[in-house]
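Below: the structure, in structure tokens.
What follows draws every value from the coordinates through simple rules; no lab data is involved. Since the model is a prediction, treat every value here as computed from it, not as a measurement. So basically every Cβ, Gly included, is an ideal-geometry build from the backbone, and we count neighbours across all protein chains shown.
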Amino acid sequence: MHLLEEKAAVATGPAAGLRNFAQEHKSDAGYLDVAANGRGEEKGLLMLRALRRVPHAGPRVVEVGPGGGAAVAYLAAQLGGDTAPARGVRLTLIEAPGVVSRSLQAAMQQFARVGDCELRHGFAQDIAALLPEPVDVISASALMHEVYSYGGGYSGLHTMIRTLPRVLAPGGCFAYRDVYAVDGPTLHERVTQSYHSRAWLLFLRLFTPQYLAEGTHPYHHAEDELVARQNSRIVDVAALDPDTSAVISAPIGLFREIQRHFITFRDHVWRSGALGVVPELDGDLAADWIDFRGGHKRVHFRLDADAAWLPRPHRMMLPAMSEPYAGHRTIDSDIFDMVTDVALLAFLNAVESGDSTCRQVWETWLLREGRETYAYLTLDQLLTAFVEHSAAAGTDTVLLPVQAGDIDRVNRHYYNRFLKQLPNPLRDAKQLVLFANVPRADVAGMRAALDALAARCGKPSLARMYRAITKGDNS
């Protein structure tokens with residue numbers, strides 16, 4: 001999602017904006033058209049479900065931050081095959097000024113066959129001005145974590161939640177998709193994890209001090225301190241020895257952040273070609289599954305002769321372990337992970353030693369992803385925040401999931417398989433919630449919503465929600 005970034009630079013001041021946000025890297029065509037253009041079915045699933053609840057013809061739908069248009073293309077395909085929910089859908093896409101994606105343009109042309117589609121440029125935090133009349137459905141992927149990371153932390157997040165009921169029609173829906181946090185009451189719960197992989201230890205040494213110093217995150221309390229031990233002695237995380245196992249105590253949310261960032265870093269380096277491979281990222285070759293639920297597949301790639309920085313044994317290993325296939329090469333994903341784990345270690349060593357090629361790849365990733373906080377709220381906290389702050393919007397409506405199926409989680413099987421190499425892996429997944437803008441006068445709707453929430457939230461949170469709904473504020 002790319003809407004918030006220039007706005008954040010304005011809202012938080014030039015120095016903070018330059019430090020926290022990289023418009024150029026987030027808007028790069030390769031990132032939009034490839035790296036940020038997957039999971040169309042997952043992104044469009046809640047949109048389609050929301051559309052089926054709109055009782056009138058010509059429903060007005062908004063997608064905030066369409067990126068490469070994966071959800072637009074999915075929705076077009078579904079509406080083209082099922083006329084019941086189509087009924088002349090009017091789709092508005094909101095994207096940041098200057099952000100252009102060829103794949104989005106193609107998706108818009110596809111959607112034009114089943115409904116109206118327009119692209120408006122603006123910033124997510126200005127959505128009330130961009131939508132002159134209430135709409136029926138708003139969909140956003142990664143909107144909330146980007147608001148948190150670049151738009152003022154929790155204050156910006158809560159302001160955005162209070163804005164949504166004002167731009168949604170009563171009974172309208174907000175389809176939310178973001179990174180799943182963790183099971184548990186709070187991200188500040190202290191846990192202990194151990195790390196043995198040299199690549200992970202070196203990543204911890206390079207990334208964690210920078211993230212804690214410069215990222216927008218909630219881990220500022222005394223009890224949030226990260227404590228690392230090697231050979232039973234406390235060591236600074238910036239001085240971790242990658243040749244010695246480490247035992248680290250920290251908030252569980254911080255471990256989730258480190259783990260998630262390692263995954264995005266690994267993918268970025270792979271896609272960059274720095275590890276000597278150019279992956280096949282489109283079509284059937286990108287999803288050549290051996291066991292989908294087990295996360296096991298074949299990886300298709302081409303060798304990149306320009307990765308001259310890699311030591312010769314690493315450049316020889318992938319050709320030796322892979323097989324030719326229709327003009328490129330293929331390799332079992334388990335073997336690929338083992339081979340590239342060694343290459344990642346070499347890459348991180350090269351970053352530390354000042355290799356210009358590797359340093360540029362690292363800095364590009366760090367600018368684009370390294371300061372974002374993904375898992376900033378548990379599900380209980382997320383649902384409570386939406387109820388409390390939407391109830392304070394002054395619309396006499398509240399954002400609530402009204403059915404048990406409106407709250408879902410989609411596991412990342414491929415990444416969870418990869419994370420099994422960690423002694424204490426935290427599940428990687430996407431969190432999906434379909435919020436309805438329920439009028440307070442809709443007693444049946446409110447009761448159904450509270451029943452859905454009761455299975456997901458603790459009693460203290462339910463009490464806070466009830467107070468907000470009945471009093472209309474969160475005081």
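A straight chain from K420 to D284 at 0.36 nm per residue would run longer than the Cα-Cα distance by 46.4 nm. In this structure the amide hydrogen of V277, modeled in the peptide plane, comes within under 5 Å of the amide hydrogens of D304, none closer than 5 places in sequence on its chain.
For D267 and Y325, the difference between the fully extended length at 0.36 nm per residue and the C-alpha to C-alpha distance is 18.7 nm. Remark: spin-label model distance R312-V410 equals 4.6 nm, labels positioned 7 Å along the Cα→Cβ axis. Pairs of Lys residues in the chain, spaced 8 or more positions apart or belonging to different chains, with C-alpha separations under 22 angstrom: 8 in total. Mind running the shape call on the stretch 286-430? Use the C-alpha gyration tensor, a ≥ b ≥ c as the square roots of the eigenvalues: rounded below 1.5 for a/c, prolate if a/b tops b/c, oblate otherwise. Here the stretch 286-430 falls in the prolate category.
How high is the relative contact order of the chain, given as a whole-number percent (alpha carbon pairs under 8 Å, six or more residues apart)? Please list the in-between numbers first.
Details: 890 pairs, mean separation 78.1, N = 475.
This gives 16 percent for the chain.
Note on the chain: dipole from Cβ charges, positive end direction compared against M317, P279, V137; the farthest Cα belongs to V137.
Farthest towards the positive end of the charge dipole of the stretch 193-369, among the residues S245, T208, F265, is the Cα of S245, using unit charges on the Cβ of Lys, Arg, Asp and Glu.
Think of the stretch 301-377 as having a plus end and a minus end, set by charges on the Cβ of Lys, Arg, Asp and Glu; of G354, T330, G370, G354 sits farthest toward the positive end of this dipole. The label-point distance for E352 and H121, in a model that sets each label 7 Å from Cα toward Cβ, rounds to 4.4 nm. For the stretch 295-312, backbone phi angles converted through the Karplus equation (6.51, -1.76, 1.60; θ = phi - 60°) give residue-by-residue couplings of x, 9, 8, 9, 9, 9, 7, 10, 6, 10, 6, 7, 7, 6, 5, 5, x, 3 Hz, Gly and Pro being listed as x.
Basic side chains Lys and Arg get +1 at the Cβ, acidic Asp and Glu get -1 at the Cβ, and with that the dipole of the stretch 193-369 about its Cα centre reaches some 220 debye.
Using 0.36 nm per residue and subtracting the Cα-Cα separation, the extra length available between E189 and R302 on full extension is 36.3 nm. Label zone of D451 (point 7 Å out along Cα→Cβ, amide N under 16 Å): in the stretch 374-404 this covers 401-404.
Taking amide H atoms as placed 1.01 Å from N in the peptide plane, list the residues 5 or more away in sequence, or in a different chain, whose amide H sits under 5 Å from that of V100. Under 5 Å from the amide H of V100: no residue qualifies. Whole angstrom only: what separates the Cα centroid of the stretch 182-217 from the Cα centroid of the stretch 336-381? Value for the Cα centre distance between the two parts: 13 Å. Look at H121, H413 and count the other Cβ atoms within 10 Å of each Cβ; fewest to most, that gives H121, H413.
Arranged by the count of other C-beta atoms within 10 angstrom, fewest first, what order do M446, M316 take?
Going from least to most buried by this count: M316, M446.
Neighbour counting of Cβ atoms within 10 Å sorts the residues E189, E63, fewest neighbours leading, into E189, E63.
Angle of helix 356-369 to the longest C-alpha principal axis of the chain, folded into 0 to 90 degrees and rounded to 10: 20°. For Q109, put the label point 7 Å out on the Cα→Cβ axis and report which residues of the stretch 266-299 keep their amide N under 19 Å from it. Residues 283 fall inside that zone.
Computed over neighbours whose Cβ is under 12 Å from that of L212, the net charge equals -4, Lys and Arg +1, Asp and Glu -1.
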